[in-house]
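Throughout, read-outs are computed from the coordinates displayed, never taken from laboratory work. Keep in mind that what you see is a predicted model, and the values were worked out from it rather than measured. Using ideal geometry, Cβ is built from the backbone for each residue, glycine included, and neighbour counts are taken over all protein chains shown.
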Amino acid sequence: MDKPKRASDTPFGVVVKAGNAYFWCACGLSETQPFCDGSHKDTGFSPVRFDATEDDKVFFCGCKATANQPLCDGSHNN
Ligand code: FES
Ligand code: FES
């Protein structure tokens with residue numbers, strides 16, 4: 001796999017909790033988007049860790065084309 005699969009055309013809004021770590025799916029194959037479920041095995045992709053520093057709602061990239069992994073940067077509109 002050289003390109004990730006476009007899992008969604010829009011970001012996933014997730015309420016995160018301070019102190020928790022989240023593992024964003026970079027390959028697009030996970031069935032538990034936007035998070036890694038281990039499906040990247042043998043694809044060459046690895047999940048990207050996000051450490052929440054505050055209780056917040058963040059938007060994880062669903063299209064997998066963001067330049068600001070793991071968060072949406074608006075690239076899904078391109
Ligand atoms: Fe996509 Fe793990 S399932 S990075
Ligand atoms: Fe990927 Fe917005 S969903 S950049």
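Assorted remarks:
- Residue by residue, the stretch 53-61 carries 3J(HN,Hα) couplings of 9, 8, 5, 6, 10, 10, 10, 7, 5 Hz when phi is fed to the Karplus relation 6.51 cos²θ - 1.76 cosθ + 1.60 (θ = phi - 60°); x denotes Gly or Pro.
- Mean Cα-pair separation over length for the chain, i.e. relative contact order, pairs under 8 Å, 6 or more apart, %: 38 percent
- When 61, 36 are sorted by how many other C-beta atoms sit within 10 angstrom of their C-beta, beginning with the fewest, the order is 36, 61.
- Measuring against 20 Å, Cα to Cα, the residue pairs 17/64; 5/41; 5/57 contain 17/64; 5/57 as the ones spanning a longer distance.
- Pairwise Cα distances in the stretch 25-64 exceed 13 Å in 52 percent of cases.
- Other residues lying with their Cβ under 10 Å from the Cβ of residue 18 contribute a combined charge of -3, Lys and Arg counting +1, Asp and Glu -1.
- Computed on the chain, the Cα convex hull volume stands at 80 Å³ per residue.
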